[in-house]
Amino acid sequence: MKALIVNCGSSSVKYTLFEMESEKKAAWGLIERVGLPEAFYKRRDINSEEKQEAVKVANHTEAVELIIRELLDKNRGIISDVSEIFVVGHRIVHGGDKFSKSVLVTDKVKEGLKECFSIAPLHTPAHYAGIVAVEKMLPGIPSVLVFDTAFHQTMPDYAYMYALPYEFYEKDRIRRYGFHGTSHNYVSQRAATLLCKPLSELKLITAHLGNGSSITAIENGKVIDTSMGFTPLQGVVMGTRCGDIDPAITTYLIEQYPQYKDAKTLNDLMNNKSGLAGVSGLSADMRDILKAVSEGDKKAELAFNMLVYSIKKYISAYYGVLNGADALIFTAGIGENSALVREAVCKNLSSLGIEINVEKNKERSSEERVISTDNSRVKVLVIPTNEELMIARESRKVIENDN
Ligand code: AMP
């Protein structure tokens, strides 16, 4: 019984094939630079080494078709019969407030997804093309949509509303949505298992720190607040995103610089040229920033300090919002791998009961682990995220509930 997970990004298609009995990966890979001459296809399965080759794929439809053809290929593929796949799970970045949970794909659901095109114009059309291509290649096999925004739909209105005139919420659905929901959901479930307590008795702060980062406050398994907003731009300082800034800076830039009168250019500035990359002038990658800091680069040090400080502020605010916390969880590229960031974030938070064991924190491991001291009131955990597995589990749940 296999589940195929498809993740159509703005310019890439990633996939993972799971054996659902063991929840182990059977095959995985990606096609990057979809639609460009330098597109390439990287793939692996349990029987073979990683391969990479240049491919010609004009769009997401062709990329998905190629991936499925290769998985089913008599010589090179790992699936001997289509019927081995019982579900296809699609990662969907934005479900607006239309989708508050994972859903089985129907014509009505596809129409609903089309209505989300304007809210995430880079991603949703790519998701849609992927869904249609899967339907064509794997007729009769059910598809499920799993939304990055869905987990956050439990937020109370006073947390998700912006204090703009109400009509913008009514007409344009402008509100906080939050992202990385699948990851926050996964690590919160794992934390409950590790802490041997049901989610319904826990207050958690989850810190997904990667190239894009978000912090979430979770009580009784429900999101109370999250740092990303209407788009992933809001919140903490990220690799290339500025995070929270005074919104009047945008109107100032529009007034002062002719190029920023164009919304696309201004968006590009805040989403792709800011954050660690913008402040350091060096790189969006935390590893490069840490190296530069160790060599005495002052701007890299400033970028690092800004990122850490912004994370600290959200953790402290959410501790207050939750009126305490049982655990703080670090996940994603930076959260899982950078002991320096974790140590800096947790420094001087002992008044909140957050104390990490410096030695445990430094131990390199890809396992789930506790890094707080025995006396720390708040347990501090590192939990590697696994969004693909979460999508596979969600997809299986939807299929089982539907039958
Ligand atoms: P993600 O978006 O989750 O893939 O995370 C990417 C970020 O994780 C990049 O900023 C990487 O520099 C960072 N990262 C990955 N490995 C390490 C590491 N060993 N130390 C510090 N940062 C890391």
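The values are calculated or read from the model by the stated rules, or taken from the named source; none is laboratory data. All values derive from a computational prediction rather than experimental measurement. Cβ: placed from backbone, ideal geometry, glycine included. Neighbour counts: every protein chain shown. For accessibility, only protein heavy atoms count, side chains too; no ligands or nucleic acids. Shrake-Rupley method; radii C 1.70, N 1.55, O 1.52, S 1.80 Å.
A few points about this structure:
- Region 125-207 - percent relative contact order, Cα under 8 Å, separation 6 or more: 26
- If the segment from R33 to A54 were pulled out straight at 0.36 nm per residue, it would be longer than the present Cα-Cα gap by 6.5 nm.
- If the segment from Y309 to L253 were pulled out straight at 0.36 nm per residue, it would be longer than the present Cα-Cα gap by 17.6 nm.
- Spin-label model, E111 to S83: label points 7 Å out along the Cα-to-beta-carbon direction sit 3.4 nm apart.
- The simple Förster model, with R0 at 22 Å and r as the Cβ-Cβ distance, assigns S100 and S10 a FRET efficiency of 0.35.
- Length available on full extension from R287 to E19: 0.36 nm per residue minus the Cα-Cα distance, which gives 93.1 nm.
- Most positive-pole-ward Cα, S280, T154, A325, against dipole of the chain from beta carbon charges: S280
- Under 28 Å of direct C-alpha separation, and excluding same-chain neighbours fewer than eight residues apart, K42 reaches these lysines: K2, K14, K24, K25, K51, K56, K74, K136, K273.
- Taken about its Cα centre, region 243-359 carries a charge dipole of about 180 debye when Lys and Arg each add +1 at the Cβ and Asp and Glu each add -1 at the Cβ.
- Per residue accessible area of the chain, 1.4 Å probe, in Å²: 48
- Nearest-0.05 FRET efficiency for T265 and R69, computed from C-beta distance (R0 45 Å): 0.70
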